[in-house]
Amino acid sequence: MIDNQQFTITINERREFRSTPGVSLLTALKGQQVFIPSACGGRGACGLCKVRVVRGPHSPLSSKERFHLTEEEQRQGLRLSCQVPVDQAMAVAIPDGYFHAKEYRAEVADIRNLTHDIRELQLRLIDPPVLAFKAGQYIELQIPRYAQVQRLSFRAYSIASPPSSPDRIELEIRWIPHGLGTTYIFKHLKLHDQVMFHGPHGDFYLRESPRDIILIAGGSGMAPMKSILLDMRERHDPRTTRYFFGARNRRDLFLVDEMKRLELDLPDFKFIPALSQPLPDDSWHGETGLIMDVVDRHIDSNRPADTYLCGSPAMINACLAVLTRKGFSDDRIFFDKYS
């Protein structure tokens, strides 16, 4: 109903609030400290901010919603919350896990360049002072107004540190030319600056099972894999684990020494880096080729394994084709695409 030009929004039939018209449902929920995952910052590009509309609105789906939502999801009433305007009262249903995400303030405690285009940020939490998360999950970092950018936005970054250090998190961020988030991080963010973020988000995390583990990543997809491996070391996880990491040439490889140390610390772990375009000066004697071809050569379709992938959509889709051909079932494949 309308009350002083505000509309009532009901969440999971047990919580209500009023919102002023003219904002998206994603923004209205965020104003109530209900943080719906949105890796693209509400632009309709990532397709993550799905909620089920139980009652109203009846506005037609946007082109971005038709692209990201399957026909079955559309029949079930799913919408992208960033594309739904608050223009009438409505009731929505969201997973209970979304209520666990909080807003945090942190200080940039360290900045380190890992490669020519990947930067590591260490964030020391201030308020709240700790973040409880699962290895593999991500946070959404607030990108403030800077230079010619006049609006707040958010960008999703996976946590690279283990859950055992909840007062400090590590991010590994790849430079994207002209990217709104990475331009701020690489050109404007400085040591001891304070930042805001919310989280944790995501269902990409290590499952408990008796099966072997296969990890596949490229670029900054290293971040959640590092968190998972460090967590496995601390929990003395004995499972056989193989980690395939794809890079173009040697200058794109990073954290190799840390991965080699993990080979010594974990009972049955092997790191398998591969270069798709090694340079003559690289003096490379390891695996070569696209990472899906390397995976194809190494994995055994007769040995059951849980597989975790993080990287570009193109890389993941190519690897999924290999895994499917080798008989890996969907319920044992977990992936996190970034764009």
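At a glance:
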quantity: Tabulated pairs, region 88-102, first farther than 13 Å from residue 198 by Cβ, second surrounded by fewer than 14 Cβ atoms within 10 Å (Cβ to Cβ) and of a type in the set (A, V, I, L, M), C-beta under 9 angstrom, 6+ apart or interchain; calculated: 88/2; 89/1; 89/2
quantity: Residue identified as at pLDDT 95 or above, surrounded by fewer than 19 Cβ atoms within 10 Å (Cβ to Cβ) and charged (D, E, K, R) among 257, 231, 203; calculated: 257
quantity: Criterion violated by residue 223 - all others in (1) over 18 Å from residue 113 (Cα atoms); (2) at pLDDT 95 or above; (3) buried (at least 19 other Cβ atoms within 10 Å of the Cβ); (4) in contact with an Asp or Glu (Cβ under 6 Å, 6 or more places away or on another chain) satisfied; calculated: (1)
quantity: Strands (runs of 3 or more DSSP E) contained entirely in region 93-188, each with at least 1 residues that are closer than 30 Å to residue 54 by Cα and among the aromatic types (Phe, Trp, Tyr); calculated: 138-143, 153-158
quantity: Subset of region 118-138 (residues that are over 23 Å from residue 69 (Cα atoms) and touching a residue at least 60 places away in the same chain (Cβ under 8 Å)); calculated: 118, 119, 121, 123, 126, 131, 132, 133, 134, 135, 136
quantity: Within region 108-142, considering residues that are closer than 22 Å to residue 39 by Cβ, more than 13 Å from the chain's Cα centre (by Cα) and of a type in the set (A, V, I, L, M), the one surrounded by the fewest Cβ atoms within 10 Å (Cβ to Cβ); calculated: 132
quantity: Wholly enclosed helices (runs of 4 or more DSSP H) of region 248-328 bearing at least 1 residues under 16 Å from residue 213 (Cβ atoms), under 22 Å from the mean Cα position of the chain (by Cα) and assigned by TED's automatic domain parsing to the domain that holds residue 218; calculated: 256-265, 313-325
quantity: Contacts under 9 angstrom Cβ, first residue in region 74-87 being in contact (Cβ under 8 Å) with a residue 40 or more places away in the chain, partner surrounded by fewer than 14 Cβ atoms within 10 Å (Cβ to Cβ) and β-branched (Val, Ile, Thr), 6 or more apart; calculated: 86/20
quantity: Residues being within 23 Å of residue 98 (Cα to Cα) and hydrophobic (A, V, I, L, M, F, W, C) - total across region 203-224; calculated: 3
quantity: Residues located in region 288-309, provided they are in contact with a Ser or Thr (Cβ under 7 Å, 6 or more places away or on another chain) and either within 29 Å of residue 155 (Cβ to Cβ) or at pLDDT below 90 (or both); calculated: 290, 306
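The values are calculated or read from the model by the stated rules, or taken from the named source; none is laboratory data. All figures in this text were calculated on a predicted structure; none of them were measured in a lab. Because the Cβ atoms are built from the backbone with ideal geometry, glycine has one as well, and the counts that use them run over all protein chains shown.
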